[in-house]
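J.: What follows is a structure written as structure tokens; I'll ask about it next.
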Amino acid sequence: MTAGRVDVADPLAGLVLGERPDPLPADGWVTVTVRAAALNHHDVWTLRGVGVSADRLPVVLGCDAAGVDPGGNEVIVHAVIGDPDAGGGDETLDPRRSLLSERYDGTFAGRVAVPARNLVAKPAALSFEEAACLPTAYLTAYRMLFERSGVQPGATVLVQGAGGGVATALIVLGRAAGYRVWATSRSRAKRDRAAGLGADRVFEAGARLPERVDVVMESVGQATWAHSVRSLRPGGRIVVCGATSGDAPPAELTRVFFTQLSVAGSTMGTRDQLGRLARFCEQAAVRPVIDRVLPLARARDGFAAMLDGTLFGKIVLVP
Ligand SMILES: NC(=O)c1ccc[n+]([C@@H]2O[C@H](COP(=O)([O-])OP(=O)(O)OC[C@H]3O[C@@H](n4cnc5c(N)ncnc54)[C@H](OP(=O)(O)O)[C@@H]3O)[C@@H](O)[C@H]2O)c1
């Protein structure tokens, strides 16, 4: 499943299903047989021309996969292609890092070539479909909660846009780690489902909260930013990983300095964090929230659900 061309207004117009040559692994790379892949908003951004240049097209879409390596081992594929040494020990800080499907073909295919260091053992407790959810949405949520938030378990964390892939990951990981997780959603049905996942309280988008929170997890952007800023206690922090609804809300600088807020950007995580996340899921019996599993040939239906915002959790594609 490739992005054949960019169409900002109608991203699905660029989706092309077809045959591609087998990947040729470079030195130090291996080919993984994909058993399951997961959809991310990143794939929609690619079809809109964000983060990819037209001369790289067609490119196989997909950041996330779980599959089998040439030795027959069940593996999860780390999506960040980067050099930890160039990023001070963190490949996400390598100025030349990319994600699968940006410079190199991605995971919406029968096989994908990746650097050998990007393979992490799949815990036996997770199915291929569940494991395929971890490399982007769950790894991003893991870093947001356990590295970038700066707060310990017991703190109150507000998750905006409860139905999204990252948002549902934040709810289940945060709950399992002992944070008090509050969530907002525009949809009553999604609020109910978020509560069912373990969110302690759920609120309509933009609702006044009973008390201010320690940290807000932001992936919605423009539509929820003002509420995020207003919902924080003095000295609180917004951890932002995405801006689905737009990336240029009023910055609310007066409130930021007067109440001494901080804003922390967060992107993906390291290969070692992906390994710890997989173990955390196994140890804490966390299972990724899957909206639906579709054959790769029907990926278009999954993209459509992501575009109209009706999904709850991850859409998983199987070859
Ligand atoms: N930095 C990183 O490493 C990283 C990693 C993963 C994702 N991201 C970014 O994070 C964002 C979320 O990704 P995802 O894959 O979780 O996406 P998703 O599944 O498409 O999440 C979208 C959610 O955002 C909320 N939303 C969307 N438009 C909205 C609007 N206009 N008003 C209010 N809420 C709105 C909806 O929540 P409700 O319907 O429940 O209100 C929806 O369920 C994307 O922009 C993605 O690019 C970044």
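J.: Could you list, ordered by first residue, the pairs with Cβ atoms under 8 Å in which the first is in region 24-36 and hydrophobic (A, V, I, L, M, F, W, C) and the second is surrounded by 15 or more Cβ atoms within 10 Å (Cβ to Cβ) and at pLDDT below 95, at least 6 apart or interchain?
T.: Pairs that qualify, where the first residue is hydrophobic (A, V, I, L, M, F, W, C) and the partner is surrounded by 15 or more Cβ atoms within 10 Å (Cβ to Cβ) and at pLDDT below 95, are VAL34/PRO319.
Yes/no matrix, rows are residues, columns are (1) touching a helix residue (DSSP H, G or I) at 6+ places or on another chain (Cβ under 7 Å); (2) more than 22 Å from LEU61 (Cβ to Cβ):
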| position | (1), (2) |
| --- | --- |
| ARG233 | no, yes |
| ALA243 | no, no |
| GLY246 | no, yes |
| ARG255 | yes, yes |
| SER262 | no, yes |
| GLN273 | yes, yes |
| ALA278 | yes, yes |
| VAL289 | yes, no |
| LYS314 | yes, no |
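J.: Six or more apart or on different chains, Cβ under 9 Å: which pairs go from a residue in region 232-252 that's closer than 17 Å to LEU209 by Cβ and among the small types (Gly, Ala, Ser) to one that's modelled with pLDDT of 95 or more and not in a loop (DSSP other than H, G, I, E, B)? Could you list them?
T.: GLY235/ASP214; GLY235/SER262; GLY236/VAL213; GLY236/ASP214; GLY236/VAL215; GLY236/VAL216; GLY236/SER262
J.: If you check ALA195 against the conditions, is it farther than 24 Å from ALA176 by Cβ, assigned to a helix (DSSP H, G or I) and among the hydrophobic types (A, V, I, L, M, F, W, C)?
T.: Against the criterion (farther than 24 Å from ALA176 by Cβ, assigned to a helix (DSSP H, G or I) and among the hydrophobic types (A, V, I, L, M, F, W, C)), ALA195 does not qualify.
J.: Between a residue in region 181-199 that is farther than 24 Å from GLN152 by Cβ and touching a residue at least 40 places away in the same chain (Cβ under 8 Å) and any residue that is among the hydroxyl-bearing types (Ser, Thr, Tyr) and assigned to a helix (DSSP H, G or I), which pairs come within a Cβ distance under 9 Å, given they are 6 or more apart or on different chains?
T.: What qualifies is ARG193/THR168.
J.: I need the full set of residues from region 129-175 which are of a type in the set (D, E, K, R) and over 24 Å from PHE303 (Cα atoms), in order please.
T.: Selection gives ARG143, GLU147, ARG148, ARG175.
J.: Could I ask something else about it? Conditions: (1) crowded, with 17+ Cβ neighbours inside 10 Å; (2) over 18 Å from THR136 (Cα atoms). GLY28 meets all but one. Number of the miss?
T.: Condition not satisfied by GLY28: (1).
J.: Starting from region 216-231, take each residue that is on the phi < 0 side of the Ramachandran plot and among the charged types (D, E, K, R) and list its partners that are crowded, with 24+ Cβ neighbours inside 10 Å and assigned to a loop (DSSP other than H, G, I, E, B), counting only C-beta distances under 7 angstrom and pairs at least six apart or across chains.
T.: Listed by first residue and then by second, the contacts come to GLU218/GLN160; GLU218/THR224.
J.: Just the residues that are over 13 Å from VAL114 (Cβ atoms), at pLDDT 95 or above and more than 11 Å from the ligand (Cβ to nearest atom), please, taken from region 28-51.
T.: Correct list: ARG35, ALA36, LEU47.
J.: Go through (1) hydrophobic (A, V, I, L, M, F, W, C); (2) within 16 Å of the ligand (Cβ to nearest atom); (3) surrounded by fewer than 16 Cβ atoms within 10 Å (Cβ to Cβ) one by one and return the number of the condition ILE238 breaks.
T.: It fails just one condition, (3).
J.: Checking the condition within 15 Å of ALA141 (Cβ to Cβ) and β-branched (Val, Ile, Thr), which residue from VAL256, VAL240 passes?
T.: VAL240
J.: Tell me the residue from GLY221, GLY174 that is crowded, with 17+ Cβ neighbours inside 10 Å and within 11 Å of the ligand (Cβ to nearest atom), please.
T.: Matching residue, one of GLY221, GLY174: GLY221.
J.: Now for a different question. Against the definition (among the basic types (Lys, Arg) and either over 21 Å from VAL286 (Cβ atoms) or at pLDDT below 95 (or both)), how does ARG175 come out, yes or no?
T.: Considered against the rule, which asks whether it is among the basic types (Lys, Arg) and either over 21 Å from VAL286 (Cβ atoms) or at pLDDT below 95 (or both), ARG175 comes out as no.
The values are calculated or read from the model by the stated rules, or taken from the named source; none is laboratory data. Bear in mind that the values here come from a model prediction, so they are computed numbers and not experimental data. Cβ: placed from backbone, ideal geometry, glycine included. Neighbour counts: every protein chain shown.
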